[in-house]
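Peer 1: Starting off with a structure, shown below.
The values are calculated or read from the model by the stated rules, or taken from the named source; none is laboratory data. The structure displayed is predicted, hence computed values, not measured ones. All Cβ positions, glycine included, derive from the backbone under ideal geometry; neighbour counts span all protein chains shown. SASA here: full protein model, heavy atoms, side chains in, ligands and nucleic acids out. Shrake-Rupley method; radii C 1.70, N 1.55, O 1.52, S 1.80 Å.
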Amino acid sequence: MPLPALRPALRRVLAAATAITGALTLGLTAAPTQAHATAPLKYAALGDSYSAASGVLPVDPTNLLCLRSTADYPHVIAARTGARLTDVTCGAAQTKDFTGSQYPGVAPQADAVTPDTDLVTLTIGGNDNGTFINAVLACGTAGVLSGGTGSPCEDKYGSSFEDAIEANTYPALKTAMRAVRAKAPGARVAVLGYPWITPATADPSCFVKLPIAAGDIPYLRSLQTHLNAAVRRAAEETGATYVDLAQASEGHDACAAVGTRWIEPLLFGTNIVPVHPNALGERRMAERVVSALDLG
């Protein structure tokens, strides 16, 4: 082939080589950006026994005092998102334990939050003033003594539990959440409400598992609604995302069947800690957080 005829073909070969070289160069320069974009979230999990999945096996051996499970919703979220998890959730935690030590040798929970933290989750407030444990035990005792009739718990305690939420728990919630926000101003903070413990109406067949008098079922339900409303207000006022579990947990209360319920009953449950989420409940709570924050 004459030399002039070769020139167009040569130009095409050179153009193709240049394009390949450019593509390779672009790929090499883009690699660090892509790696940075997919860096795992730095995730700090705080909160009480509903966050720690107290009573769900297996137990985290790193701190037996906290009765934390490695199947708690923070671990489920981390496994799903690839986040680097620091889990300091602890059974019986109150809002004060965010800034103070709950047990000797246990650091304040907020210490797990640092300026470069990307994600924080928490469930807190139910142990302040003994709201959950005092109310459930008091109403359970009253229910047994009344044979399941009437509203002995409401008759005795009236608005005292709800008054304590407004006077003490709500401001303490805001203080705790502000402490978290101050440690990591740029983090996404998800504050979970508590899933339903009782059904909407009394279920006589459940009395043997959850011995609450028929008239006190709506009383406890109202108390939990009040607590969740206080948690929501505190979250919204401190720039956090409130994860509402009311609709999602309807029908999955402690009176539901095994495999349906998210919360174990007071008696004859499958967890070593009663009136707490089981493994299914923890997974569902994790799903709600992933959805609310669009974590993928």
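Peer 1: Quickly run through the range 148-167 and pick out the residues that are in contact (Cβ under 8 Å) with a residue 12 or more places away in the chain and either open to solvent by 60 Å² or more (accessible area, probe 1.4 Å) or under 21 Å from residue 199 (Cβ atoms) (or both).
Peer 2: 148, 149, 150, 151, 152, 153, 154, 156, 157, 161, 162, 166, listed by residue number.
Peer 1: Need pairs with beta-carbon distance below 7 Å; first residue free of Cβ contacts under 8 Å to residues at least 24 places away in the same chain and within the range 195-217, second in a loop (DSSP other than H, G, I, E, B) and open to solvent by less than 10 Å² (accessible area, probe 1.4 Å); sequence gap 6+ or separate chains.
Peer 2: Between residues of the range 195-217 that are free of Cβ contacts under 8 Å to residues at least 24 places away in the same chain and residues that are in a loop (DSSP other than H, G, I, E, B) and open to solvent by less than 10 Å² (accessible area, probe 1.4 Å), the close pairs are 217/198.
Peer 1: Can you name the residue in the range 250-296 that is open to solvent by 30 Å² or more (accessible area, probe 1.4 Å) and touching a strand residue (DSSP E or B) at 6+ places or on another chain (Cβ under 6 Å) and, of all such residues, is nearest to residue 73 (Cα to Cα)?
Peer 2: 288
Peer 1: Within the range 58-75, which residues are in contact (Cβ under 8 Å) with a residue 60 or more places away in the chain and open to solvent by 20 Å² or more (accessible area, probe 1.4 Å)?
Peer 2: 67, 71
Peer 1: Further question: Residues to consider are 151, 101; find the one that is farther than 28 Å from residue 282 by Cβ, among the small types (Gly, Ala, Ser) and at pLDDT 95 or above.
Peer 2: After applying the criteria, what remains is 151.
Every residue, every condition in (1) surrounded by 15 or more Cβ atoms within 10 Å (Cβ to Cβ); (2) touching a helix residue (DSSP H, G or I) at 6+ places or on another chain (Cβ under 6 Å); (3) within 23 Å of residue 273 (Cα to Cα), yes or no:
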| position | (1), (2), (3) |
| --- | --- |
| 113 | yes, yes, no |
| 127 | yes, no, yes |
| 169 | yes, yes, no |
| 187 | yes, no, no |
| 198 | yes, yes, yes |
